1. In debye to the nearest 20, how big a dipole does chain B give about its Cα centre with +1 on each Lys and Arg Cβ and -1 on each Asp and Glu Cβ?
2. How many angstrom separate the Cα center of the stretch B:57-80 from the Cα center of the stretch B:20-50?
3. When the dipole is taken about the Cα centre of the protein assembly as shown, and only Lys, Arg (+1) and Asp, Glu (-1) are charged at their Cβ, what size is it in debye, to the nearest 20?
4. Can you give the charge dipole size of chain A about its Cα centre, rounded to the nearest 20 debye, using +1 on the beta carbon of Lys and Arg and -1 on the beta carbon of Asp and Glu?
5. Residue-wise, which Karplus ³J(HN,Hα) couplings in Hz belong to the stretch B:65-74, taking 6.51 cos²θ - 1.76 cosθ + 1.60, θ = phi - 60°, and x for glycine or proline?
6. If I model a spin label as a point 7 Å beyond the Cα along the Cα-Cβ vector, how far apart are those points for A:D70 and B:N8 in nm?
7. For A:K41 and A:I55 in the same chain, what is the full-extension length gain: residue separation times 0.36 nm, less their Cα-Cα distance, in nm?
8. Using a 7 Å offset from the Cα along the Cα-to-Cβ direction at both B:E15 and A:R110, what is the distance between the two label points in nm, to one decimal?
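Please treat every number below as a calculation from the coordinates, not as lab data. All values reported here derive from a predicted model rather than from experimental measurement. Virtual Cβ from ideal backbone geometry, glycine too; neighbours counted across all protein chains shown.
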Amino acid sequence: DTAVSQTPKYLVTQMGNDKSIKCEQNLGHDTMYWYKQDSKKFLKIMFSYNNKELIINETVPNRFSPKSPDKAHLNLHINSLELGDSAVYFCASSLKTGVNNEQFFGPGTRLTVL
Amino acid sequence: AQSVSQHNHHVILSEAASLELGCNYSYGGTVNLFWYVQYPGQHLQLLLKYFSGDPLVKGIKGFEAEFIKSKFSFNLRKPSVQWSDTAEYFCAVNARGAGSYQLTFGKGTKLSVIP
């Protein structure tokens, strides 16, 4: 009964490969997010989807493409992986915008690009 | 756009010492404020949040934070820390209003509690 789940937990891959990270939430939330946490622990928003519609797209290389098949899922596909993509990627979800916008985070996916 | 500053990068305390972690934000409008904690190797968990009302909010594990609007601050406090409080602490702000989906985080403060 995990609220926000991500797979895989660890991902080790070679430069140039294409990989995907999956995220699912069972909270009934409308909005989902992807964050990148770098080696200095800095958390930065990458994307946000509200009810399958893209609403935030920060300055992220277009090698990163989010896909939301339904409002409970937000997957992250990364093409042509680079060394600098190594980080921990966190998925999160929240109720639709309003007063209560607490975000619930998944366990993270540690991506290592060799 | 909003921004968040956490002035302490790394704080080292002995058990039973009191804790105060600073957080300042910049945004001209109404905000929601949060403190999240990340224990080693784990995901972020919400410690406490402020949406409106009493500016002194109490969270889990004995933490509290005070919203001072005039100072744009939301400092986190705990009267007596324990070794188990060793973690990374993140302040975050969410600006209310249209399109207020974005949660902006500070750079985090690492707390090390020495037994």
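1. Numbers: 10 positive and 7 negative charges, 49 e Å.
Here the size comes out at about 240 debye.
2. 10 Å
3. Values: 23 positive and 18 negative charges, 37 e Å.
Computed about the Cα centre, the dipole is about 180 debye.
4. Details: 13 positive and 11 negative charges, 41 e Å.
Magnitude of the dipole: close to 200 debye.
5. Each residue's phi maps through the Karplus curve to give 9, 10, 8, 10, 4, 5, 9, 6, 10, 8 Hz.
6. 4.6 nm
7. Details: separation 14, 0.36 × 14 = 5.04 nm, distance 2.46 nm.
Result for the pair: 2.6 nm of gain on full extension.
8. With each label placed 7 Å out from Cα toward Cβ, I get 2.7 nm.
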